[in-house]
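Down below is the structure, laid out as structure tokens.
What follows is calculated from the coordinates using simple rules that are stated; it is not laboratory data. Computed from a predicted model, the values in this text were never measured in an experiment. Here Cβ is always computed from backbone atoms with ideal geometry, including for glycine, and neighbour counts include all displayed protein chains.
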Amino acid sequence: MKIIFLKELLKKIRNKIMQPNRVMKIKVYNNRKIKLQGVSYYLDNYNFWDLNKCKENFNGELYDQIINLVSNSTDRLYNGRALMSVIDLQLYKKEFDHYYNTLSKNVIRDIKTSEKNKFYFKEFDFNLHVDDFLEINKSQNKKKNKINEWYLKDRNYFLDSHPANKKHDWEDELHYGEWYGLFKYYKNYKQMGVTTNEKLFGYCKLLVDGEMASIGLIWSHAEHLKSGVMFHLITSIVKECMEKENIKYLVYYGHGAYPQWKSRMLFEPKRLKIIM
């Protein structure tokens, strides 16, 4: 009874604070030394998916135009009018147990199913798992019959992206991108000529801009969706964000896309305004 009461109390508090009409102001601490990866990716996806591969765009007029739009609140997402999918991590006092215990029994069941199937979560170097990345994308193409052709480009297009173990010149402790994924252990499994002993089944690029972390590129292998891998992946991302002091909000693009599914992981519709 006590757990049920706490869940209902948290729900009432969340509903009261996270009213869609209330504009949430988020500080991104922009400066000339860094690039806002989450903001730019959301406003022009594939032209800003990686600092290395999109260097010319980040260093040119296209990026400057995006920053000017956001600064003037004339962009299409961060203008205080568009509804975005947001988890305010502060509602759970940035304690993962509070968040996890608020999830529905069905979501928790699916997470446990994924764990029982020996999927595990970790940060990874994208360049070592490009073939796995492409296999995941092709599985989605097969399931959906057709996806954006960008995801099906040749492996050489994706190689030499920004490595996970090195901070880019345009990154600092408040502004960075990280790849996280769900893996399974496979002894002697090779990827890109390197023995990794593990295979990638779900990926997510997390883009951090000051107080806000944005879910960027994300997908899981279509053949394992029923194993709860997406719930496992995204809730693990929530936990990762809670462990980082500067991150207060996790954003998963517009709330108009799959709103019911996102709400199962406690994303709420929220209007955002960026404080540069």
Q) What FRET efficiency would be calculated for the residue pair Lys25, Glu173, taking the C-beta separation as r and a Förster radius of 25 Å, to the nearest 0.05? A) 0.70
Q: Measure off 7 Å from each Cα along the Cα-to-Cβ vector at Glu243 and Ser73, then give the distance between these two points in nanometres to one decimal.
A: 3.7 nm
Q.
If you average the alpha carbon positions of the range 51-80 and of the range 117-190, how far apart do those two centres end up, in angstrom?
A. 24 Å
Q: Could you point to the label whose value was computed as Cα extents along the principal axes in Å for the structure here, given [x] 52, 44, 38; [y] 65, 53, 35; [z] 52, 49, 36?
A: [z]
**Q.** Ser263/Gln90 FRET efficiency (R0 22 Å; Cβ-Cβ; nearest 0.05)
**A.** 0.75
Q: Using Cα positions and a limit of under 16 Å, work out the aspartates and glutamates in reach of Lys35, with same-chain residues fewer than 8 apart set aside.
A: Asp44, Asp50, Glu56, Glu61, Asp64, Asp169, Glu171, Asp172, Glu173, Glu178, Asp209, Glu211
(Q) Let me make sure I get this right: for the range 85-135, a, b and c are the square roots of the gyration tensor eigenvalues over alpha carbons, sorted descending. Under 1.5 in a/c it's rounded, otherwise prolate if a/b > b/c, else oblate. Which is it? (A) oblate
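Taking the Cα centre of the chain as origin and charging only Cβ (+1 Lys, Arg; -1 Asp, Glu), how large is the dipole, in debye to the nearest 20?
In total the dipole reaches around 1360 debye.
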Q) What nm distance separates the two modelled labels at Asn101 and Leu159, each placed 7 Å from Cα along Cα→Cβ? A) 5.0 nm
Q) Quick one: net charge of Leu272's neighbours, Cβ under 14 Å, K/R +1, D/E -1? A) +4
Q.
Just to be sure I understand the model, the point goes 7 Å from the Cα along the line to the Cβ. What's the resulting Tyr189 to Glu149 distance in nm?
A. 3.1 nm
Q: Figure the gain on full extension for Thr113 and Tyr46 (residue separation times 0.36 nm, minus the Cα-Cα span) and round it to one decimal in nm.
A: 20.8 nm
Q: Let me know the shape class of the range 116-191, please: from the alpha-carbon gyration tensor, a ≥ b ≥ c as square roots of the eigenvalues, rounded when a/c is under 1.5, otherwise prolate if a/b is greater than b/c, or oblate.
A: oblate
Q | Within the chain, helix-based [θ] at 222 nm, where runs of 4 or more DSSP H residues each add -39,500 (n - 2.57), nearest 500 | A | -9500 deg cm²/dmol
